[in-house]
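Where a number appears in this text, it was derived from the coordinates with a stated rule and is not lab data. These numbers were taken from a predicted model, which means no experiment stands behind them. Methodologically, a virtual Cβ is constructed for each residue, glycine included, from the backbone with ideal geometry; neighbour enumeration extends over all protein chains shown.
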Amino acid sequence: MKRLKIIWLIGISLFLLTGCWDRRETNDLWVVTGVGLDQTEDGEIEVTVEIHSPNSDGGEGMGGESSQVGGNKMIHQTGKGISIPKAIEDLDTQLPREILWSHTKAIVINKALAETGIREELDFLIRHPA
């Protein structure tokens, strides 16, 4: 009986001592609310993101545009590449925090890009939602 109590006590304490080993703090994330896809004159894909920054010091020194909406700051940053993954990779190198794509509310596609066909772009966005 005493052995069962000790095992039960150890089991309960191990359960209560678990931590959040894979947590993602909001201060370490850029929350993307909008995405724009453009095609440049030389055929590259340009991905422009609208990032929600709840604190006002978020976009300093990044080189992107920013605007104030209500009490929140919106930052606009652009990445270029031969494909969407390469443009997003370029975007990742410009931003100091991890990009969170799951709050994206709008995707805007330029007319020039849409006329050339957007099958590959839509396929990428559907297969890689976050």
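A full extension of the chain between ASN72 and ASP42 corresponds to an added length of 7.3 nm, given 0.36 nm per residue minus the alpha carbon distance. Based on Cα atoms of segment 1-49, Rg over Rh with Rh as the Kirkwood radius reads 1.58. Taking amide H as placed 1.01 Å from N in the peptide plane, the amide H of LEU95 sits under 5 Å from none that are at least 5 places away or on another chain. Between GLN94 and ILE10, the contour length at 0.36 nm per residue exceeds the alpha carbon distance by 25.5 nm. Under a 5 Å amide H cut-off, with hydrogens placed 1.01 Å from N, ILE118 pairs with nothing among residues at least 5 apart or on other chains. Sequentially through segment 33-40, phi angles give Karplus couplings (6.51, -1.76, 1.60; θ = phi - 60°) of 10, x, 10, x, 10, 10, 10, 7 Hz, Gly and Pro residues having no value and appearing as x. The order of LEU17, LEU29, going from fewest to most other C-beta atoms within 10 Å of their C-beta, is LEU17, LEU29. The alpha-carbon of LYS73 sits under 24 angstrom from the alpha-carbons of these lysines, leaving out residues fewer than 8 places away in its chain: LYS105.
How do HIS76, HIS103, HIS52 line up, fewest other C-beta atoms within 10 Å first? Walk me through the numbers before you get to the answer.
Working: HIS76 15, HIS103 12, HIS52 18.
Ascending Cβ contact count within 10 Å gives the list HIS103, HIS76, HIS52.
Extension gain, GLU25 to ILE82, is 17.3 nm, computed as 0.36 nm per intervening residue step minus the present C-alpha separation. Using a Förster distance of 41 angstrom, determine the FRET efficiency expected from the C-beta separation of VAL108 and THR18, and round it to 0.05. Here the calculated transfer efficiency is 0.45.
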